[in-house]
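The values are calculated or read from the model by the stated rules, or taken from the named source; none is laboratory data. Just so you know, these numbers come straight off a predicted model, no measurement behind them. Every residue, glycine among them, receives a Cβ derived from its backbone with ideal geometry; neighbour counts consider all protein chains shown.
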Amino acid sequence: MTSTSTAAQRAGRHAGPAWLILSLACACQFMVILDASIVNVALPSIRLDLGFTPTGLARVVNGYLLTFAGFMLLGGRAADLFGHRRILIAGMFSFSASSLVAGMSSAPEVLVAARVVQGMGAAMLAPATLVVLNTYFTEEKARARAFGMWAASGGVGGMAGAVVGGALTTGLSWRWVFLINVPIGAVLIVVAMIALAGGRAVRREPLDLVGAVTGTVGLAALIYGVMHSADHGWASAPVVGPVVAGLVLLVVFIVVEARFAAHPMMPLRLFTIRGVAVGNAMLMLFGGIAIAMWYFTSLFLQNVLGFSALDAGLGQTPAAVTFLVVARWAAALLPRTGVRPLMLAGCGCFLAGFGWLAQAHADSGYVTSVLGPTLLVAVGIGLTFPTLMAAATADAPEGDAGIIGGLANTASQVGGSIGLAVLATAAGARAAAETDADSPAALAAGYDLVFLIAAGLGLAIAAVSALLPHSGEESGAGPAPAR
C-alpha cells in the first residue's frame, strides 16, 4: 500500500504496517454493517425465548439502526476532537460490551437497551475507520485501493447477515449472534492499540454541545418517524410527530452551526466543497438502491419464490462475491479514470439490472430472473459505492476528516431509511391493488415496482454526478478527480 511514517510522525509514535491498519478498518466496518442485519434471522427465536410482543420485537432491529444513524455525526466529530485511535477503541469497547449484555439478556428491555448502546458504539466506529483511511493512506492509488476494500467489506457485511445469523442461530443459539462480537472485538482493540499511531487529537477545542444535541436528536427523531411509516401510514401521529420534531430540530441545528456555535460540530463551510455536497446527495440516493437490491430481492426470494431466509441469503451470495471483486477492481481504476466514468458505468448497470429484475414474476426461475439481474446490479454497486465514498470525502481538511466521514455514513444511512419506507409503501400499495394482495403474484407486482423505482434512482445518480467537480477544480487531496 503506502508508508504510514508521515501519519505516525504526526501522531507522535510508530504506526503499524499498512496492511494491518487496512485490515483493522475493514474488519470494524464489516462488523458494524453485519450487525444491522445479522439479527433478522434470529428474531423468531428471540421472541420465543424472551417473550417479546410482535411490536416490541421490531425494537431489537430499530434500536440499533436508530442510534447508529443518529449518532454518526457526533461520532465523526469526536474522532476529530479526541483522536481517531481513542474513538475507535472506545467505540469497539462499547460495541463489544453491549454485545455481551445482549447475548446474556434475560428480559426484552435489557436486549433493546443493549442494542441501543451497540448502535452508539457503531456510530463511533464507522466514521473513525474513514479517518484512519484518510490519515494513513495519503498516496492517491493506495487510498483508492483502501477505499475499495473498506467499501467491499461493508457491503459483504450487509449481505452476510442472513447467512451468518442463520448458521449461528441454527447451530448454536440466537445469543451467539451477539456473543460472537466479544472475542472478535477484543482482538480488534488489541490490534488498534498496536497498529494505530497514538493518541493526540487533531484539534484542541470544546465539543459543540448544543449542536451535538440538536443534530443527534433531530436525526434520530426523523429516522424514527420514517421507520414507522410502513406500519402506521405517512399521515399517522407516530410518523408525523417524530418527523416534524426531527425536521424542526435539524433546522435549529443548522441555525446554531451557522450563527451561534464558536466551534460548530459540523461546519457548514464543508458544503462549499463541491465533492462533499454532491457526493453526499448521491449517497442518499444510493441508499435507496442498496435497500432495493439486498432487502427487497431477499423478500422476493422468500415471499414469491418460497426460499427460506437462509436459502435467500445463500441465493444472494453470488451477487455479494461479485460486488467484492468489482469494488476492488473499481478502486484500482479510480485514480486513472476519475469518479464520473465509473459512476456512469455503474448507473448503466443499475438501469439494465433493475429493469431486468422488474420482469420477474411468481413463476420465474431463480437463475434467469433473479441471479442474472442481481449480478448486473452488484457490478453497478461495486463500481459506484467506493467511488461515491471517495467523492464525498475528497478534499477533506485534515481536522474535519471525522465529521466528513460521519456525514458520508449518515447520508447513506438516512437515504437507506427513507428509501426503505418509501419503497415499502409503494410495494404495499401496488400489491393491495391486486385481487389477492397476499398472493405471490400480487407481492411480485409490488416488488417489481420497487425495482423500477430503483432503476430511476440510478438515472438520478447519473444526472447528479454531472455536478461533480472536474479535474483540478478543487484542491485535489481526495482519492481521485472527477473527470
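May I ask you to verify whether Arg85 is more than 16 Å from the chain's Cα centre (by Cα) and closer than 29 Å to Leu314 by Cα?
So Arg85 does not fit the description; no.
Quick one: would you say Gly225 is within 25 Å of Met265 (Cβ to Cβ) and without any contact (Cβ under 8 Å) to a residue 40 or more places away in the chain? First the steps, then the outcome.
On the way: within 25 Å of Met265 (Cβ to Cβ): yes; without any contact (Cβ under 8 Å) to a residue 40 or more places away in the chain: yes.
Yes: the conditions hold for Gly225.
Answer yes if at least one residue in region 37-51 is at pLDDT below 65 and not basic (Lys, Arg), and no otherwise. Break it down into steps so the answer makes sense when it comes.
First, pick out the residues of region 37-51 that are at pLDDT below 65: none.
The answer is no; no qualifying residue exists.
How many residues, within region 100-116, are without any contact (Cβ under 8 Å) to a residue 40 or more places away in the chain and more than 18 Å from Arg47 (Cβ to Cβ)?
1
Residue check, Thr393 against (1) at pLDDT below 90; (2) surrounded by 21 or more Cβ atoms within 10 Å (Cβ to Cβ); (3) β-branched (Val, Ile, Thr); (4) out of contact with any Leu (no Cβ under 7 Å at 6 or more places or on another chain), all met but one. Which one?
All conditions are met except number (4).
Applying the selection to region 145-156, what residues are surrounded by fewer than 24 Cβ atoms within 10 Å (Cβ to Cβ) and touching a Leu at 6+ places or on another chain (Cβ under 8 Å)?
Result: Met149, Val156.
Restricting to region 342-359, and then to whatever is buried (at least 20 other Cβ atoms within 10 Å of the Cβ) and not aliphatic (A, V, I, L, M), can you tell me which residue is farthest from Lys141 (Cα to Cα)?
Filtering region 342-359 for residues that are buried (at least 20 other Cβ atoms within 10 Å of the Cβ) and not aliphatic (A, V, I, L, M), the one farthest from Lys141 (Cα to Cα) comes out as Phe354.
State all residues of region 363-392 that are in contact (Cβ under 8 Å) with a residue 60 or more places away in the chain and of a type in the set (A, V, I, L, M); if no residue qualifies, say none.
Val370, Val377, Ala378, Ile381, Leu388, Met389, Ala390, Ala391, Ala392
Could you tell me whether region 214-225 includes any residue that is farther than 16 Å from Phe68 by Cβ and at pLDDT 80 or above? Even if it seems obvious, please write down each step before you answer.
Filtering region 214-225 for residues farther than 16 Å from Phe68 by Cβ gives 214, 225.
From what is left, the residues that are at pLDDT 80 or above are 214, 225.
Yes, some residue in region 214-225 is farther than 16 Å from Phe68 by Cβ and at pLDDT 80 or above.
Please name all residue pairs, on different chains or six or more residues apart, with Cβ atoms under 8 Å, provided the first residue is in region 125-149 and is assigned by TED's automatic domain parsing to the domain that holds Ala97 and over 13 Å from Leu334 (Cβ atoms) and the second residue is in a helix (DSSP H, G or I) and aromatic (Phe, Trp, Tyr).
If the second residue must be in a helix (DSSP H, G or I) and aromatic (Phe, Trp, Tyr), the pairs left are Leu125/Phe95; Ala126/Phe68; Thr129/Trp150; Leu130/Trp150; Leu133/Phe147; Leu133/Trp150.
Condition first: under 19 Å from Glu140 (Cα atoms) and modelled with pLDDT of 85 or more. Can you find one or more residues in region 330-341 that meet it? Please lay out each step first, then the result.
Filtering region 330-341 for residues under 19 Å from Glu140 (Cα atoms) gives 330-341.
With modelled with pLDDT of 85 or more added as a condition, the list becomes 341.
For region 330-341, residues under 19 Å from Glu140 (Cα atoms) and modelled with pLDDT of 85 or more: present.
More than 23 Å from Ala146 (Cβ to Cβ) and charged (D, E, K, R), is that true of Arg86? So that I can check it myself, show each step before the final result.
Details: more than 23 Å from Ala146 (Cβ to Cβ): no; charged (D, E, K, R): yes.
Judged against the criteria, Arg86 is not a match.
Let's see how each residue does on (1) out of contact with any strand residue (DSSP E or B) (no Cβ under 7 Å at 6 or more places or on another chain); (2) modelled with pLDDT under 80; (3) assigned to a helix (DSSP H, G or I):
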site: Asn409; (1), (2), (3): yes, yes, yes
site: Gly416; (1), (2), (3): yes, yes, yes
site: Thr425; (1), (2), (3): yes, no, yes
site: Ala431; (1), (2), (3): yes, no, yes
site: Asp438; (1), (2), (3): yes, yes, no
site: Ile453; (1), (2), (3): yes, no, yes
site: Ile461; (1), (2), (3): yes, no, yes
